[in-house]
Amino acid sequence: MVHKGLKNESGTAALEFAIISPVFLFMIVALLAYGLYFGAAHTVQQISANSARAALAGLDLNERQALASATAFASVGRNGLIRSDDLAVQVTADADQPELIYVTVTYDAASLPIWNLGPPLPLPGKTIRHVSVIRAGGF
């Protein structure tokens, strides 16, 4: 009789599913949210690199700023992950090395869904920032 009771496992799978499914669903949602964040970070990096290449055509800092900004916002228009309202582009030059052009792209990632996950996860910063440096002129 004792062996018959031990072999009856009906309901075990349902109990395991009830215990594991919330953890599994949370992990799936976290993977999606972090994937969106990393996708946004990679997009900001690519926008920064494209803007730096476009800034090379400018003759002075103001023209480089205009070219870099136009390229960045045109790239955002083709991308559904980044909103142009939250994007900032800044072009600077180094006083010690004037041939270097620094293009800084900053994105406020507060609109991404990762912030809805709350305290159980370690969350990254809400500002994504990438700096691209490109050399103007010959080597």
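Condition check: in contact with a Pro (Cβ under 9 Å, 6 or more places away or on another chain), crowded, with 20+ Cβ neighbours inside 10 Å, at pLDDT 90 or above and closer than 14 Å to His130 by Cα. Does Ala72 satisfy that? Outline the logic, then answer.
Details: in contact with a Pro (Cβ under 9 Å, 6 or more places away or on another chain): no; crowded, with 20+ Cβ neighbours inside 10 Å: yes; at pLDDT 90 or above: yes; closer than 14 Å to His130 by Cα: yes.
It is false that Ala72 is in contact with a Pro (Cβ under 9 Å, 6 or more places away or on another chain), crowded, with 20+ Cβ neighbours inside 10 Å, at pLDDT 90 or above and closer than 14 Å to His130 by Cα.
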- prompt: Of the numbered conditions (1) assigned to a helix (DSSP H, G or I); (2) over 19 Å from the mean Cα position of the chain (by Cα), Ala52 satisfies every one except a single condition; which is it?
  reply: (2)
query: outside any loop (DSSP other than H, G, I, E, B) and modelled with pLDDT of 90 or more - does that describe any residue in the range 114-125?
result: no
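From the list Ala18, Ala13, Ala30, which residue is surrounded by 14 or more Cβ atoms within 10 Å (Cβ to Cβ), farther than 27 Å from Val133 by Cβ and of a type in the set (Gly, Ala, Ser)? Let's see the steps before the verdict.
Numbers: Ala18 fails: surrounded by 14 or more Cβ atoms within 10 Å (Cβ to Cβ); Ala13 fails: surrounded by 14 or more Cβ atoms within 10 Å (Cβ to Cβ).
It is Ala30.
Report yes if some residue within the range 82-103 is in a helix (DSSP H, G or I) and not acidic (Asp, Glu); otherwise report no. Explain how you work it out, then say what you get.
So in the range 82-103, the residues in a helix (DSSP H, G or I) come out as 84-86.
Next, from what is left, pick out any that are not acidic (Asp, Glu): 84.
The answer is yes; a qualifying residue exists.
Here is a yes/no grid of residues against (1) exposed (fewer than 13 other Cβ atoms within 10 Å of the Cβ); (2) acidic (Asp, Glu); (3) in contact with a Ser or Thr (Cβ under 6 Å, 6 or more places away or on another chain):
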position	(1), (2), (3)
Pro22	yes, no, no
Gln45	no, no, no
Thr92	no, no, no
Asp96	yes, yes, no
task: Give the range 100-125 a look and list any residue that's among the hydrophobic types (A, V, I, L, M, F, W, C) and touching a residue at least 12 places away in the same chain (Cβ under 8 Å), or say none.
output: Leu100, Ile101, Val103, Val105, Ala109, Ala110, Leu112, Ile114, Leu117, Leu121
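The values are calculated or read from the model by the stated rules, or taken from the named source; none is laboratory data. What you see is a predicted model; the values in this text were computed from it and never measured. Reconstructed Cβ throughout: ideal geometry from the backbone, glycine too, with neighbour counts over all protein chains shown.
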